[in-house]
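Visitor: Questions regarding the structure given below will be posed in turn.
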Amino acid sequence: SQKPAADHKPKAEAEPRPGAKPNSIEKLAADAIYNTATRANAEAGSLRERMARPGITSDLRLSPTECAGTVTRSAEGSYEIIRKGADTW
């Protein structure tokens, strides 16, 4: 059963990890954070994204024009993703 909306309490604010240098990103609007992250990813040239949460994991290697990796969904199974330019398989 779900609690009524009035009983909902927000989660505690996340704290920076030890050793992380403050960069004031928490002061930016969501669209500015998105644009900053998109620019940083493009400047990186390529990156690896690994994610795990209940029911799904992914391991992807990404660049501005290519993507390759695996997504696994516990209920549906896994699939490979390959993207090169405008083509995706």
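Visitor: Which of the residues that make up region 38-56 are of a type in the set (K, R) and either at pLDDT 95 or above or assigned to a strand (DSSP E or B) (or both)?
Guide: Listed by number, the residues that qualify are R48, R50, R53.
Visitor: Can you pull out every residue in region 32-60 that is in contact with a strand residue (DSSP E or B) (Cβ under 6 Å, 6 or more places away or on another chain) and of a type in the set (A, V, I, L, M)?
Guide: Passing the criteria: L47, M51, I56, L60.
Visitor: May I ask you to list the residues in region 57-89 that are within 18 Å of A42 (Cβ to Cβ) and either part of a loop (DSSP other than H, G, I, E, B) or charged (D, E, K, R) (or both)?
Guide: If the condition is that a residue be within 18 Å of A42 (Cβ to Cβ) and either part of a loop (DSSP other than H, G, I, E, B) or charged (D, E, K, R) (or both), then R61, S63, P64, T65, E66, R83, K84, G85, A86 are the ones that fit.
The values are calculated or read from the model by the stated rules, or taken from the named source; none is laboratory data. What you see is a predicted model; the values in this text were computed from it and never measured. Cβ: placed from backbone, ideal geometry, glycine included. Neighbour counts: every protein chain shown.
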